[in-house]
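> Supplied in structure tokens, the structure appears directly below.
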Amino acid sequence: MPFVYEDYAESAEYIRRRLDGRRPEVLLILGSGLGYLAEQVREPVIIPYGEIPHFAVSTAPDHAGRFVIGNLAGRCVMVMQGRMHVYEGYTAEQTAYPVRVARLLGVHSLLATNACGAINTSYAVGDIVLLTDHIRLFDPDPLIGPNIPEFGPRFCDMTYAYTPAYRDAARRAAAREGIVLREGVYFYFTGPQFETPAEIHAARALGGDVAGMSTVAEVIAAAHCGMKVLGFSLVTNMAAGVLEQKLDGAEVTAAAEAAAGRFSALVTGCLPLLDGKDR
Ligand code: HPA
């Protein structure tokens with residue numbers, strides 16, 4: 001059964017009662033191997049997803065499955081330490097569920113992060129990619145089903161889903177931190193198997209720069225309900241077929257850990273710039 005507005009409202013109310021007056025502004029979703037940033041949140045309120053009515057729990061490796069809500073880099077952030085994926089058996093609507101709940105709590109911006117495989121052969125492991133757009137051609141979409149007009153229109157515009165002003169902010173923050181920032185298009189695959197070399201070849205021909213199994217449903221839900229979005233992918237491996245070698249899930253975590261310093265500097269450098277405005 002699709003969710004109805006009252007489900008989201010009930011989840012939001014449960015969280016609101018735990019917040020002691022905190023008013024989260026930014027939803028920060030931490031992808032595979034990037035969960036450590038949640039440890040930097042000051043005076044956190046921690047809420048495991050399993051406690052929240054209607055919430056799915058994350059079962060992916062290295063995804064703690066909880067909200068950590070508090071102050072990070074001067075912003076009140078709602079950190080998702082771990083997210084839900086379609087490959088875990090959830091619908092796209094379930095994976096995007098927390099975004100709408102965050103919106104009801106007053107959150108105006110989404111900062112989504114993930115681990116990815118590089119389709120673009122000029123990228124290298126360890127590169128951070130600023131997402132300029134995404135491609136989701138055949139896979140599940142979180143807005144399928146009855147539209148909930150309290151969140152947004154039936155047909156929602158995606159032209160500026162990755163907020164241009166936030167992309168500028170990211171470029172400035174990266175320059176200030178001395179971090180080289182790539183820019184590219186995220187190509188969504190459901191997984192959980194890594195792609196075949198032929199799929200990566202096709203994704204490259206279609207305009208994809210990185211491949212990943214998350215983020216897109218959350219960004220669509222955020223765009224639908226008028227949230228501003230910033231997205232970063234960390235290249236944890238070259239995508240299938242780019243190198244003459246097999247892919248291994250363990251390299252994803254290792255590469256994410258190796259980039260921890262740069263990645264946290266970039267995220268915390270961007271947060272003060274995410275003011276909910278598009279200019
Ligand atoms: N493909 C899809 N998702 C990923 C990859 C990949 O190569 N690496 C990390 N997440």
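> Among the residues of the range 96-128 satisfying the criterion of being within 16 Å of the ligand (Cβ to nearest atom), part of a strand (DSSP E or B) and among the aliphatic types (A, V, I, L, M), which is surrounded by the fewest Cβ atoms within 10 Å (Cβ to Cβ)?
Looking at residues that are within 16 Å of the ligand (Cβ to nearest atom), part of a strand (DSSP E or B) and among the aliphatic types (A, V, I, L, M), I get I128.
> Also, I was wondering about something else. Just to confirm my filter: which strands (runs of 3 or more DSSP E) fall fully inside the range 1-95 and include at least 3 residues that are touching a Lys or Arg at 6+ places or on another chain (Cβ under 7 Å)?
42-48, 66-72
> Same structure, new question: With touching a residue at least 60 places away in the same chain (Cβ under 8 Å), farther than 18 Å from M84 by Cα, within 8 Å of the ligand (Cβ to nearest atom) and of a type outside the set (S, T, N, Q) as the only criterion, which of L206, L247 stands out?
None of the other options fit; the residue is L247.
> Determine which single condition G261 fails, assuming it passes every other condition in (1) closer than 20 Å to I128 by Cβ; (2) in contact (Cβ under 8 Å) with a residue 12 or more places away in the chain.
(2)
So that you can scan it fast, the table gives a plain yes or no per residue for (1) in contact with a strand residue (DSSP E or B) (Cβ under 8 Å, 6 or more places away or on another chain); (2) not aliphatic (A, V, I, L, M):
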{"residue": "M227", "(1), (2)": "yes, no"}
{"residue": "G231", "(1), (2)": "yes, yes"}
{"residue": "N237", "(1), (2)": "yes, yes"}
{"residue": "L243", "(1), (2)": "no, no"}
{"residue": "G261", "(1), (2)": "no, yes"}
{"residue": "V267", "(1), (2)": "yes, no"}
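> So, in the range 226-270, exactly how many residues are crowded, with 22+ Cβ neighbours inside 10 Å, of a type outside the set (G, A, S) and more than 12 Å from A115 (Cβ to Cβ)?
7
> Taking into account only those residues within the range 155-214 that are in contact with a Lys or Arg (Cβ under 7 Å, 6 or more places away or on another chain) and assigned to a helix (DSSP H, G or I), which is surrounded by the most Cβ atoms within 10 Å (Cβ to Cβ)?
Step by step, filter the range 155-214, then rank; the result is Y166.
> Scan V68, V79 and give me the residue that is in contact (Cβ under 8 Å) with a residue 12 or more places away in the chain, in contact with a Gly (Cβ under 9 Å, 6 or more places away or on another chain) and crowded, with 18+ Cβ neighbours inside 10 Å.
V79
> Among (1) touching a strand residue (DSSP E or B) at 6+ places or on another chain (Cβ under 8 Å); (2) within 16 Å of the ligand (Cβ to nearest atom), where does T190 come up short?
With respect to (1) touching a strand residue (DSSP E or B) at 6+ places or on another chain (Cβ under 8 Å); (2) within 16 Å of the ligand (Cβ to nearest atom), T190 is out only on (1).
Taken together, the values in this text are just the output of simple stated rules run on the coordinates, not laboratory data. If you're wondering where the values come from, they're calculated on a predicted model, not measured in any experiment. All Cβ positions, even for glycine, are placed from backbone atoms using ideal geometry, and neighbour counts span all protein chains on display.
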